[in-house]
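Peer 1: Just dropping this structure here.
Read-outs: derived from the displayed coordinates by stated rules, not from any lab. If you're wondering where the values come from, they're calculated on a predicted model, not measured in any experiment. Virtual Cβ from ideal backbone geometry, glycine too; neighbours counted across all protein chains shown.
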Amino acid sequence: MQEFNLIIDGEKVSTNDYFDVINPADKSVVARCPKASVEQLNTAVAAAKAAFPAWSALTYAERRDKLMQLADAVEAKSEAFITLLTKEQGKPINGFADLGAGFEFGGTLAWIRSTASMELTPETIQDNDAAHIAIHRKALGVVGSITPWNYPLLIGIWHMIPALITGNTVVIKPSEMTPLTTLFLGEIAKDILPKGVLNVVAGAGEIGGAMSSHKDIDKIIFTGSTPTGKAIMKSAAENLKRLTLELGGNDAGIVLADADIEAIAGKIFATSFINNGQTCAALKRLYVHEAVYEQLCEAMTNIANSMKTGNGLDADTDFGPLQNEKQLEIVKALAQDAKERGANFLCGGEVVDETGYFYPITLVNNIQDGARLVDEEQFGPILPIIKFSDVEEAITSANRLSVGLGGSVWSTDIEKAQSIGSRLECGTVWINNHAMVQPDAPFGGVKDSGFGVAFGEAGLKEFTSIQTMQTSKS
Ligand code: ADP
């Protein structure tokens, strides 16, 4: 069994306490994870603080060089990372449409390299006889990153790399459900980055809470649930920490009467069930015009019926298990509520294999707003398909919840789709697509889905504060 350690101040550090990381496909123990104490967190933060002056004083080119070396070193361990990711998270090595662990790992490399290639340069806003005025962007200091269990490696990279390239130092705490790939990454990084620049601690909510209230952490970037985001915001008040909060969503997709169902059914399926539905910006409520409702339900059912759910290590698996039992119970409860309301299950809906936390791909129609499956984020492989006759109803439905991460409109009339899309209350709207993110396009939520954005120049700026430099010329 692979051994894991915390990474603090460039060293592997063992702990007094450990907890087991469970493979959700068969409930076996993948490895023991070291459990950091609050004292060890404090040591990690102190190391990050001590490393900050030298790291932030480097040029972008110097920091980029280190991060590119990190990408190469991670790439050299591809197979080990991908297998470990499948074991701790459950997602298949390849999976449906090649959107499994290999996809997350490929994204990890792409995001390290493209984010490390970016740079914030001073912006001159006035240069005349009176003065030269420029906006400079300065690193904040120590960034605390708290990550979830759905894309542990990729989201860790989304947090760490923009923080590091802009000159901050980092303490990251992965989810206690999936800490291993992050610890492995830290172990590789310790031989490349200067001591203390990147520290990895592991533990549950109490370590996350201690980070949120830590006086020497200058910013928290958090991806996770809305209640935890709110708890972090409260405890961050103590030292006016900067925050980026990427919280839950319940994205609506609206399919208009003129949509080309044959062309889009596969894409709607893929973007609803990506990572077994355990994706912040997956399509989670599908509103379909009555003119194409039956056709789309049938096309999606046909796709669903050809899917195999199983152990992600098996080559022919399309979808793995839910990552943990709690999430499986949520999915089961939402399905039960839908059944009690008389909804129709086109496929799935029953647990058939209890070796792991498996739930089959499930499509539910004859369901309306107000059912728990529509109103609450399922974060699993079950999709409600709701019929509408008037697009205004669908827009109202899409906007009626407190969350607002993504949304989509599907139509052959692009102008009409864009005009409807602009009325959706969400941070990203896709036309004829959903859930797609890329390193140069800002991504974030509105309303209870949080604030701040990741990716692109806007994403880098989140890790800096403005210093306006006014040089008088008179
Ligand atoms: P889930 O319940 O699905 O695991 P969370 O949003 O609670 O989702 O977890 C996401 C991350 O937040 C994990 O790394 C978890 O350890 C951490 N976390 C949980 N509770 C707190 C808290 N009170 N403060 C800070 N981080 C927390």
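Peer 1: Please report 78, 411, 56, 422 as a ranked list, fewest other C-beta atoms within 10 angstrom at the top and most at the bottom.
Peer 2: Working: 78 14, 411 23, 56 17, 422 9.
The most exposed by this proxy come first: 422, 78, 56, 411.
Peer 1: Over every pair of different alpha-carbon atoms in the chain, take the mean of 1/r and invert it; report that Kirkwood radius in Å.
Peer 2: On the way: mean 1/r = 0.0434 Å⁻¹.
Its Kirkwood hydrodynamic radius stands at 23.0 Å.
Peer 1: Among 362, 15, 59, which comes first, second and so on when ranked by fewest other beta-carbon atoms within 10 Å?
Peer 2: 59, 15, 362
Peer 1: Going by amide H atoms built from the backbone, whose H comes under 5 Å of the H on residue 31, apart from near neighbours?
Peer 2: 21
Peer 1: Right, another one. Give the peptides 150-162, 449-461 in descending order of average Cβ contacts within 10 Å, highest first.
Peer 2: Details: 150-162: 26.1, 449-461: 20.3.
The packing order, highest mean first, is 150-162, 449-461.
Peer 1: Within a 10 angstrom radius of the beta carbon, how do 434, 132, 214 rank from fewest other beta carbons to most?
Peer 2: The order, fewest Cβ neighbours first, is 132, 214, 434.
Peer 1: Please give me the summed charge of the neighbours of residue 356: other residues whose Cβ is under 11 Å from its Cβ, Lys and Arg +1, Asp and Glu -1.
Peer 2: Numbers: positive: 27; negative: 26, 325, 353, 354.
Once positives and negatives cancel, what remains is -3.
Peer 1: Still on this model: Give the lysines whose C-alpha is closer than 21 Å to that of residue 66, dropping any in the same chain fewer than 8 places away, or say none.
Peer 2: Filter leaves 12, 49, 77, 138, 190, 195, 461.
Peer 1: Where the only charges are on Cβ atoms (+1 Lys, Arg; -1 Asp, Glu), what is the dipole of the chain about its Cα centre, to the nearest 20 debye?
Peer 2: It comes to approximately 1400 debye.
Peer 1: Note down the magnitude of the dipole of region 251-438 about its Cα centre, charges +1 on Lys and Arg C-beta and -1 on Asp and Glu C-beta and zero elsewhere, to the nearest 20 debye.
Peer 2: 280 debye
Peer 1: Here's a follow-up. Taking the Cβ of residue 34 as the centre, find all other residues whose Cβ is under 10 Å away and add up their charges (Lys, Arg: +1; Asp, Glu: -1). List each step's numbers first, then the result.
Peer 2: Working: positive: 12, 32, 35; negative: 3, 17.
After counting each charged neighbour, the total is +1.
Peer 1: Name the residue from 212, 229, 374 whose Cα lies farthest towards the positive end of the charge dipole of the chain, charges +1 on Cβ of Lys and Arg and -1 on Cβ of Asp and Glu.
Peer 2: Looking along the dipole axis, the top candidate is 212.
Peer 1: Choose one of 78, 421, 259: the residue whose Cα lies farthest towards the positive end of the charge dipole of the chain (beta-carbon charges +1 Lys, Arg; -1 Asp, Glu; about the Cα centre).
Peer 2: 78
Peer 1: What does the net charge come to around residue 139 if you take all other residues with beta carbon closer than 12 Å to its beta carbon, with K and R at +1 and D and E at -1?
Peer 2: On the way: positive: 63, 137, 138, 219, 242, 461; negative: 218, 462.
Computed value for this residue: +4.
Peer 1: If you plug each phi of region 123-137 into the Karplus form 6.51 cos²θ - 1.76 cosθ + 1.60 with θ = phi - 60°, what whole-Hz ³J(HN,Hα) values come out, in order, with x for Gly and Pro?
Peer 2: 10, 7, 10, 8, 8, 9, 5, 7, 6, 10, 10, 9, 9, 9, 10
Peer 1: Next up: Using the Karplus curve 6.51 cos²θ - 1.76 cosθ + 1.60 with θ = phi - 60°, what ³J(HN,Hα) values do you get for each residue of region 180-185, in whole Hz, with x for Gly and Pro?
Peer 2: Result, ordered by residue: 6, 5, 6, 5, 5, 4 Hz.
Peer 1: Please state, as a whole number in µm²/s, the translational diffusion coefficient that the Stokes-Einstein equation yields for region 251-438 at 25 °C and 0.890 mPa s, with Rh defined as the Kirkwood radius across alpha carbon pairs.
Peer 2: Result for D is 150 µm²/s.
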